[in-house]
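The values are calculated or read from the model by the stated rules, or taken from the named source; none is laboratory data. Quick caveat, the model's predicted, so the values are computed rather than measured. Glycine gets a Cβ as well: all are built from the backbone with ideal geometry, and neighbour counts include every protein chain shown. With ligands, DNA and RNA removed, areas are computed over all heavy atoms of the protein, side chains included. Shrake-Rupley method; radii C 1.70, N 1.55, O 1.52, S 1.80 Å.
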Amino acid sequence: MYTRFFVGLVFCLGFITTSTVFASSSKLVGTKLAFEHYTISAPFNVSLPVIAVDIVPNEGTPVDELVMIGVDELKKIWLAVYVFDEKAQQFILLDKLLLADEFFAFDVSENKQGLYFLAKNKVVSLQYRAPKNSDNLSVGLYFQHKQDVNSIFLLNKASFITKTDFIQDVNNDGIDDIILPDFEQTNLWLGSTNAPEYYYQAIAINTQAELIRGSVSFSPTKLFLADLNVDGLQDIAWISKGSINYFSQTVIGKFSSSQKTLALAEAIYGLDWWQLREADGQSPDQSDLTHRVVEQIKDVNGDGLVDVIVRFTQSSGVLDRANNYEFYLGYSNENGQLEYPKTPNTVIQADGTLTGLKIIDVNNDNKFEVLLSSFELSISNIIGALLSGGIDQNVLLFALNDNNAYEEDAVISKEVELSFSLTSGQSGQPIVLLTDVNGDDLQDLILSAGKERLKIFLGRKSSKLFNRKASKHKLLLPKNGALFEHADLNHDGKEDFIMRYGRLDDESMANKVTILMVK
């Protein structure tokens, strides 16, 4: 068992009726922040992220509903919606709905106004019919049919539901669109305020097909949405070796049928190294590996031109791997067209293996900072981790200087711990989050410190970016930081926290959800 766990650990490190128990405010040490603290007990074990979405019209103070999805003792999948009761000052169960096994994926609109579910041949949205608006129709939650679809997801039944990115505002007009990969194309249904039906387009972007020992595996091609012809309109792009390929958006919000291309350095790929196959059908040899893959396309330096962010992997063995991040800054050539240099303008590198890339404008100056985690992958560290049940991980924040280069030294360097369980073989993550907690339009850094303490470094308008001293809040945190989420539930400009609990936590917490609403 320990051998299997050791291999799994190396792999993980290499990739990396409701009952309000109490509603009390607790101040964070050294700040004026205060939270209203609520706990919800769901009628099933909550197995998916808690979704904050606006489903029920609210005439009072606007508070998003909380949608929870989970499994009961009979292994049936349920959906429950909770609303905030202003009189009782607690979240109460509005309604629950048994989910049919035809649904295998869900997605939330970018404006948090819609929750969608995907089946083999259709997309539906979750709706609620109030008693006063029933008109002799059934009252409560129901699914509204949105669009018949087709894709590579040929599933008639599913034993679980997963988050899939099939709802996007593709043409950036503020309306939800549906986008799904098909075997030899990408299917796009564009929403409109002028027509009840979606407008369908077939986009000539193939699915990734991989031959493995006589079988074929299909996976969606990673798509990027960015303005690549500098006309102010968002285009659809994907990466092939040495190129950005894209279909440009037209002035009426549709997309051109002719493909355009922008050149990148020849060594840049659109696939990760483990997705590539050599002549013998095997993955590349990790004993001598260099690989570059596009991670994001984003304007990081605020000049109005999108830049290409590349992850550079160099390995001389499973335990000797480094990941650097290269930034190729877009520029306008003599014809006013977008181009990219063949070598990176700036590179972020640090000791150990870098993971968890997040690119965010911390101080609202239109120049984006980069948040990364770093850990040392070695035999001694792994042995220490096996003995202690955790491994130290550094959280690093890098900032652009006046020359549009990321400084060699991180502006912020903090230590957190990645934990795991030898008994269950499950690994946890620390909480590492950037979001605006106090509503001052500056990002705040939220980190876990052990099992029961949250540290918040408030943002500040200075070169230091954050307060030196953290405020601390004591509460039961999920051991897996991925279960710690945030959303502005009451639309006051301050992000609230939502926590659920998983396999690393006590079994009694499986149906519990904790909400911290910022006052």
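Structure values in brief
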| quantity | calculated |
| --- | --- |
| Boolean, LYS260 is modelled with pLDDT of 95 or more, touching an Asp or Glu at 6+ places or on another chain (Cβ under 7 Å) and within 15 Å of LEU228 (Cβ to Cβ) | no |
| Residue in segment 80-91 that is modelled with pLDDT under 95, under 27 Å from the mean Cα position of the chain (by Cα) and not in a strand (DSSP E or B) present | no |
| Residue among ARG311, ARG277 that is open to solvent by 20 Å² or more (accessible area, probe 1.4 Å), part of a strand (DSSP E or B) and not polar (S, T, N, Q) | ARG311 |
| Answer from LYS461, LYS451, LYS414 - the residue that is at pLDDT below 95, within 26 Å of ASP351 (Cα to Cα) and basic (Lys, Arg) | LYS414 |
| Scope segment 485-497; condition surrounded by fewer than 22 Cβ atoms within 10 Å (Cβ to Cβ) and not in a loop (DSSP other than H, G, I, E, B); matching residues | GLU485, HIS486, ALA487 |
| Some residue of segment 327-339 being in a strand (DSSP E or B), within 25 Å of the chain's Cα centre (by Cα) and more than 26 Å from SER448 (Cβ to Cβ) | yes |
| In segment 450-484, the residues that are part of a loop (DSSP other than H, G, I, E, B), polar (S, T, N, Q) and touching a Leu at 6+ places or on another chain (Cβ under 7 Å) | ASN467, ASN480 |
| Filter result for ASP231 (surrounded by fewer than 18 Cβ atoms within 10 Å (Cβ to Cβ), of a type outside the set (Gly, Ala, Ser) and modelled with pLDDT under 95) | no |
| Subset of segment 153-174 (residues that are within 23 Å of ASP235 (Cβ to Cβ), of a type outside the set (Asp, Glu) and touching a strand residue (DSSP E or B) at 6+ places or on another chain (Cβ under 8 Å)) | THR164, PHE166, ILE167, GLN168, VAL170, ASN171, ASN172 |
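This table checks each residue for (1) assigned to a strand (DSSP E or B); (2) under 26 Å from the mean Cα position of the chain (by Cα).
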site: GLN201; (1), (2): yes, no
site: GLU210; (1), (2): yes, yes
site: VAL216; (1), (2): yes, no
site: LYS222; (1), (2): no, yes
site: LEU225; (1), (2): yes, yes
site: ASP231; (1), (2): no, no
site: ILE239; (1), (2): yes, yes
site: TYR246; (1), (2): yes, yes
